[in-house]
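The values are calculated or read from the model by the stated rules, or taken from the named source; none is laboratory data. Predicted model only: the values in this text are computed from it and were never measured. Glycine gets a Cβ as well: all are built from the backbone with ideal geometry, and neighbour counts include every protein chain shown.
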Amino acid sequence: MPLRALKARKDAPQVLPPMPSREQVYNDIEQRRLKEWENYQKSHRFMEEAHTNRIFLDIGIGDALAGRLVVELFEDVVPETAAHFRRLVTGESGTHDATGVKLDYLHTSLELIDRKHGYVRFGDLLAYGVRLEPLRQETFKVRHTSRGLLTMTSYGPHLCNTSFSITLAAAPSLDFKQVVFGKVVDGLPLLEKLESLPLDQVGRPLTPVMIALCGTLTGGRPPGKWASSQDRTACKEDLAYEALE
């Protein structure tokens, strides 16, 4: 007589798969960043853009990916500011010693849409308890004259930290207060989408907006593998950023 297979009881406890470790999550992010860099290098191999300093910001609205901003950094004009921003885009700085927070723009939210003054603001890690050394304001040579300029938010003279803004139009009110360090070279229509979002009384979007993924498109090959802060200080930089083959 054939045996009948027993069906699982509906009320039987379900065994959940183990949660991935923080290192596994970070490694997955680094591999995705490496893939984006490789794809851009292949598609722009013989173009002038391959020799510029470019990064990308993938923007999510709600649960959907809204689009990508490709940004060219003004490293010749403001090298310190451009390098500071690039490190936060790539996660090269590791984690914050005091809080353990990853020093990375990934999953940081859009905090403010200021239609009156013409900008949107991202990237404030102060909300997570992160306090970094203030970044000096290198120069106000580049003015806020057009749409799509990236500028470091300043809370006073030489008090820049991690927060940055993207102009929606000319923003002369920011001149001589904030340092322009880059411009959007691809994805400007996405700014129109952000500008049209419904807001609360203080200018926050009613639908959550965040940086879903970010990384570099040009320059040195990304690591493809997470290196902790201890790993970064315990070995040479070229070893700490060795790419995952």
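Could you tell me whether any residue of the stretch 39-46 is free of Cβ contacts under 8 Å to residues at least 60 places away in the same chain, surrounded by fewer than 19 Cβ atoms within 10 Å (Cβ to Cβ) and hydroxyl-bearing (Ser, Thr, Tyr)?
Scanning the stretch 39-46 turns up at least one residue that is free of Cβ contacts under 8 Å to residues at least 60 places away in the same chain, surrounded by fewer than 19 Cβ atoms within 10 Å (Cβ to Cβ) and hydroxyl-bearing (Ser, Thr, Tyr).
Residue by residue through the stretch 61-91, note down the ones that are touching a Lys or Arg at 6+ places or on another chain (Cβ under 8 Å), closer than 24 Å to LYS225 by Cα and not hydroxyl-bearing (Ser, Thr, Tyr).
VAL70, VAL71, GLY91
Please give the strands (runs of 3 or more DSSP E) falling wholly within the stretch 121-204 in which 2 or more residues are at pLDDT below 85.
160-167
Output the residue which, of all residues in the stretch 80-115 that are aliphatic (A, V, I, L, M) and assigned to a loop (DSSP other than H, G, I, E, B), is nearest to the chain's Cα centre (by Cα).
LEU106
Would you tally the residues in the stretch 54-79 being touching a residue at least 40 places away in the same chain (Cβ under 8 Å) and part of a strand (DSSP E or B)?
Going through the stretch 54-79 one residue at a time, the tally reaches 17.
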